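This report concerns only the one structure given below.
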Amino acid sequence: MTIMANHHSSLSYLDTARPEPWASFIEQIDRVAPHLGPLSHWLETLKRPKRILMVDVPIIRDDGTIGHYEGYRVQHNLSRGPGKGGVRFHPAVTLNEVMALAGWMTVKNAALGLPFGGAKGGVRIDPRRFSRAELERITRRYTSEIGIVIGPDKDIPAPDVGTNEQTMAWMMDTYSVNVGHTASGVVTGKPIALGGSLGRQEATGRGVYIAAREAGLRRGIPVAGARVVIQGFGNVGGIAARIFRENGAKAIALQDADGAIANPAGIDIPAALTHVAAHGSLAGFAGGEAISGEDFWQMDCEYFVPAALEGQVTPARARNLRTKIVVEGANGPTTPAADDILHERNILVIPDVLANAGGVTVSYFEWVQDFSSFFWSEEEINARLESIMVKAFAAIWQMAEERQVSIRTAAFIIACQRVLAAREQRGLYP
Ligand code: NAD
């Protein structure tokens, strides 16, 4: 089997004029090829999503008109288990983006050793422009439309940008009504009362902190006393900020979709979280000085945490960043070209597929608890999360040292070995 570069161009359904972020994913996969030995024979598998479902999501708006929205569910790879990955509600959702996010889930789940393939979904809407009742109708219709490919042993969605535990409650209810029985294991990130897991909501942020701490230990940069800059102050960035602070770091700058603020003495994170809960964003928060986007990307710090969207760390920003370690809370925040610049500048990057894997790890615990209808304590959950993250971090770090590659490539090597070994052992049907 030949391995070709630029594979996105050979998928006829992709817009070749706008190849990102799938092109970044393909480039990351290409970088692994020399390290896979005979398994590279199967690498092409990872350059093609196994299954793509595109759906029309029509609803009656509150004003009586009919709105139509574009929905997706992509199952990138199912060699190691059912699909797993979030659902995004955002105006920039495209097939290309959902494919890349699904691909990163395949790699993340395999790198952590979780028994899942990779999947992702999304609806191209700005959730802030819809009423709660409209969002419920969009969520229910979308769930019904993708109902043919999801299920507790087929593909298990979870929250992502623009969705939350309420979205998951509606998805679980809709799927359950359609199949005729309560199927709590069809989604994770649910409210506790519906079979959700303790610790799930904060798991991604907690994992970001664990990854940062492990990196800091190896680089001699302790979290306690460190200065942290965070882009994105939602589920991931907000909770990571809180846990960094609880462990003695100070967040000196934050940015969200409405602007950036800085405070060299350290931003009062609990107050910032309260402000966002009340007002929807950091705009108007008095605990810091407003700064420009340009200044935000040049703040002197020890840890920089992109926790918003993909493609944020561009080559130009990578040249300016004044940090020691980048911990990727978001999926795909750093382009491959920016990755190379950070590497040349000796800035350590802890990649998304490791750094933000805390969320899917506790989603795995939630799914297991739902299957057994036996629920664990928060202490037990946090201890198991800690143990899985620390072990995965150590194995990936060791691979990076052995092969003299970046932490990202090391994580991809471990993940691709697992996925492609499964592919080879299962064999091709027919
Ligand atoms: P969220 O919707 O809760 O928060 C997103 C944050 O990013 C908000 O503060 C928003 O204002 C900000 N933002 C949006 N556009 C921005 C821009 N252009 N510039 C600066 N800030 C901007 O979403 P989330 O769940 O925290 O997800 C954030 C990232 O983390 C995404 O890449 C997501 O895929 C990834 N992730 C999330 C989870 C999870 O469990 N929620 C798990 C793993 C990875």
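The values are calculated or read from the model by the stated rules, or taken from the named source; none is laboratory data. For clarity, every value in this text was computed on a predicted model and none was experimentally measured. Every residue, glycine among them, receives a Cβ derived from its backbone with ideal geometry; neighbour counts consider all protein chains shown. Heads up: the accessible areas ignore ligands, DNA and RNA and are worked out on the full protein's heavy atoms, side chains in. Shrake-Rupley method; radii C 1.70, N 1.55, O 1.52, S 1.80 Å.
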Inset, instruction - Give just the number: which of (1) over 28 Å from Ser10 (Cβ atoms); (2) open to solvent by 10 Å² or more (accessible area, probe 1.4 Å); (3) not basic (Lys, Arg) does Gly37 not satisfy? - result: (1)
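Here are some residues: Thr182, Thr163, Thr174. Which one is in contact (Cβ under 8 Å) with a residue 60 or more places away in the chain, among the polar types (S, T, N, Q) and either within 25 Å of Gly234 (Cβ to Cβ) or touching a helix residue (DSSP H, G or I) at 6+ places or on another chain (Cβ under 7 Å) (or both)?
Numbers: Thr182 fails: in contact (Cβ under 8 Å) with a residue 60 or more places away in the chain; Thr174 fails: in contact (Cβ under 8 Å) with a residue 60 or more places away in the chain.
Unique residue meeting the criteria: Thr163.
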Legend entry - Residue in the range 136-147 that is open to solvent by 10 Å² or more (accessible area, probe 1.4 Å) and among the hydrophobic types (A, V, I, L, M, F, W, C) present: no
Legend entry - Sole residue being among the small types (Gly, Ala, Ser) and open to solvent by less than 10 Å² (accessible area, probe 1.4 Å), chosen from Ala224, Ala211: Ala211
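Does Arg137 fit the bill of being over 24 Å from Ala257 (Cβ atoms) and either among the hydroxyl-bearing types (Ser, Thr, Tyr) or more than 14 Å from the ligand (Cβ to nearest atom) (or both)?
Judged against the criteria, Arg137 is a match.
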Legend entry - Exclusive hit being more than 28 Å from Pro19 (Cα to Cα) and either of a type in the set (Val, Ile, Thr) or free of Cβ contacts under 8 Å to residues at least 60 places away in the same chain (or both), set Ala278, Ala316: Ala278
Inset, instruction - Being hydrophobic (A, V, I, L, M, F, W, C) and within 10 Å of the ligand (Cβ to nearest atom) is the filter here, so list the residues in the range 340-352 that pass it. - result: none
Inset, instruction - Can you confirm whether the range 213-226 contains a residue that is within 16 Å of the ligand (Cβ to nearest atom) and not β-branched (Val, Ile, Thr)? - result: no
Inset, instruction - Out of the residues in the range 84-101 that are small (Gly, Ala, Ser) and surrounded by 24 or more Cβ atoms within 10 Å (Cβ to Cβ), state the one that is farthest from Trp170 (Cα to Cα). - result: Ala100
Inset, instruction - Scan (1) within 23 Å of Leu309 (Cα to Cα); (2) in contact with a strand residue (DSSP E or B) (Cβ under 7 Å, 6 or more places away or on another chain); (3) within 15 Å of the ligand (Cβ to nearest atom) for the single condition Gly358 breaks and write down its number. - result: (2)
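Check whether at least one residue in the range 250-269 is assigned to a helix (DSSP H, G or I), in contact (Cβ under 8 Å) with a residue 12 or more places away in the chain and open to solvent by 10 Å² or more (accessible area, probe 1.4 Å), and report yes or no. Quick ask: steps written out before the conclusion?
At the first step, the residues of the range 250-269 found to be assigned to a helix (DSSP H, G or I) are 269.
Then keep just the ones that are in contact (Cβ under 8 Å) with a residue 12 or more places away in the chain; that gives 269.
Remaining after also requiring open to solvent by 10 Å² or more (accessible area, probe 1.4 Å): none.
Within the range 250-269 (the criterion being assigned to a helix (DSSP H, G or I), in contact (Cβ under 8 Å) with a residue 12 or more places away in the chain and open to solvent by 10 Å² or more (accessible area, probe 1.4 Å)), the answer is no, since none of the residues qualifies.
Conditions tested, residue by residue: (1) in contact with an Asp or Glu (Cβ under 8 Å, 6 or more places away or on another chain); (2) more than 24 Å from Gly103 (Cα to Cα); (3) open to solvent by 20 Å² or more (accessible area, probe 1.4 Å).
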{"residue": "Ser373", "(1), (2), (3)": "no, yes, yes"}
{"residue": "Glu379", "(1), (2), (3)": "no, yes, yes"}
{"residue": "Leu385", "(1), (2), (3)": "no, no, no"}
{"residue": "Val390", "(1), (2), (3)": "yes, no, yes"}
{"residue": "Ala400", "(1), (2), (3)": "no, no, no"}
{"residue": "Val405", "(1), (2), (3)": "no, no, yes"}
{"residue": "Gln417", "(1), (2), (3)": "no, no, yes"}
{"residue": "Leu428", "(1), (2), (3)": "no, no, yes"}
Legend entry - Lone qualifier among Gly71, Gly83, Gly64 - being assigned by TED's automatic domain parsing to the domain that holds Arg141, modelled with pLDDT of 95 or more and within 16 Å of the ligand (Cβ to nearest atom): Gly83
Legend entry - So Leu309, is it surrounded by fewer than 20 Cβ atoms within 10 Å (Cβ to Cβ), within 12 Å of the ligand (Cβ to nearest atom) and either acidic (Asp, Glu) or closer than 21 Å to Glu97 by Cα (or both): yes
Inset, instruction - Check Arg80 against each of (1) more than 28 Å from Trp397 (Cα to Cα); (2) touching a Lys or Arg at 6+ places or on another chain (Cβ under 7 Å); (3) open to solvent by 50 Å² or more (accessible area, probe 1.4 Å); (4) among the charged types (D, E, K, R) and name the one condition it does not meet. - result: (1)
Inset, instruction - Inspect all residues belonging to the range 194-215 and state whether any of them is over 25 Å from Phe375 (Cβ atoms) and over 24 Å from the mean Cα position of the chain (by Cα). - result: no
Inset, instruction - Determine whether Ala158 is open to solvent by less than 30 Å² (accessible area, probe 1.4 Å), within 16 Å of the ligand (Cβ to nearest atom) and over 21 Å from Asn109 (Cβ atoms). - result: no
Legend entry - Check on Ala337, more than 13 Å from the ligand (Cβ to nearest atom), open to solvent by 10 Å² or more (accessible area, probe 1.4 Å) and in a helix (DSSP H, G or I): yes
Legend entry - Index of the failed condition, Gly205 passing every other in (1) within 21 Å of Ser363 (Cα to Cα); (2) in a loop (DSSP other than H, G, I, E, B); (3) not assigned by TED's automatic domain parsing to the domain that holds His90: (2)
Inset, instruction - Give the residues of the range 232-253 that are within 14 Å of the ligand (Cβ to nearest atom) and in contact with a helix residue (DSSP H, G or I) (Cβ under 7 Å, 6 or more places away or on another chain), sorted by residue number. - result: Phe233, Asn235, Val236, Gly238, Ile239, Ala240, Ala241, Arg242, Ile243, Ala251, Ala253
Inset, instruction - Identify the residue in the range 281-303 that is aromatic (Phe, Trp, Tyr) and within 13 Å of the ligand (Cβ to nearest atom) and, among all such residues, is farthest from Asn346 (Cα to Cα). - result: Phe285
